[in-house]
1. Six or more apart or on different chains, Cβ under 7 Å: which pairs go from a residue in segment 103-120 that's loosely packed, with under 10 Cβ neighbours inside 10 Å to one that's part of a loop (DSSP other than H, G, I, E, B)? Could you list them?
2. Which residues, taken from segment 24-58, are of a type in the set (D, E) and either out of contact with any Gly (no Cβ under 8 Å at 6 or more places or on another chain) or closer than 16 Å to E76 by Cα (or both)?
3. Identify all residues within segment 31-45 that are of a type in the set (V, I, T) and crowded, with 20+ Cβ neighbours inside 10 Å; write none if there are none.
4. Give just the number: which of (1) surrounded by 14 or more Cβ atoms within 10 Å (Cβ to Cβ); (2) of a type outside the set (V, I, T); (3) modelled with pLDDT of 90 or more does R15 not satisfy?
5. Against the condition in a strand (DSSP E or B) and touching a residue at least 12 places away in the same chain (Cβ under 8 Å), how does A74 come out, does it pass?
6. I'd like the full set of residues that are surrounded by fewer than 16 Cβ atoms within 10 Å (Cβ to Cβ) and part of a strand (DSSP E or B), limited to segment 77-102.
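The values are calculated or read from the model by the stated rules, or taken from the named source; none is laboratory data. As the structure is a computational prediction, the values presented were derived from the model and not from experiment. Methodologically, a virtual Cβ is constructed for each residue, glycine included, from the backbone with ideal geometry; neighbour enumeration extends over all protein chains shown.
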Amino acid sequence: MTSGISVEQVIVDLRDNRLLLDLNRPLGGLNTTSATVDIGAFGRLIGVEIGGVYLVVAEAVPGSELQGRSVEMAVEIVREGRRVAIPRRGEGWELSFPSGNECWRHRNEQGQVVELCSIVATA
């Protein structure tokens, strides 16, 4: 069974050095919680698992699956559960993609190809 919750947009918050994942539906739960973040080759954000809900952000670069890793970290859930804030850097890891105004395609939980875009926060 799928959660039906997906990422609609990624905001690159340069001031606070974090990524903001805007969701189509709210996540229930606390304001700050633990998450598992999947990082692919070259610091590519693949997805985030929070309380049994997996949020797909991008697909792994073909042939680089063995270069990926998962990192446990604290994330903030804000805007009534419709936004997840994750840091871009931590001890021994860094997220370098997405990094700015760009769009890409990936497969959602239903296997459909969808487009996702990131923007740089201006304020």
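1. Close Cβ pairs satisfying both conditions: Q110/T2.
2. E49
3. Of all residues in segment 31-45, those of a type in the set (V, I, T) come to 32-33, 36-37, 39.
Result: V37, I39.
4. (1)
5. Values: in a strand (DSSP E or B): yes; touching a residue at least 12 places away in the same chain (Cβ under 8 Å): yes.
Criteria met by A74.
6. Answer for segment 77-102, where residues must be surrounded by fewer than 16 Cβ atoms within 10 Å (Cβ to Cβ) and part of a strand (DSSP E or B): V78, R89, G90, W93, E94, E102.
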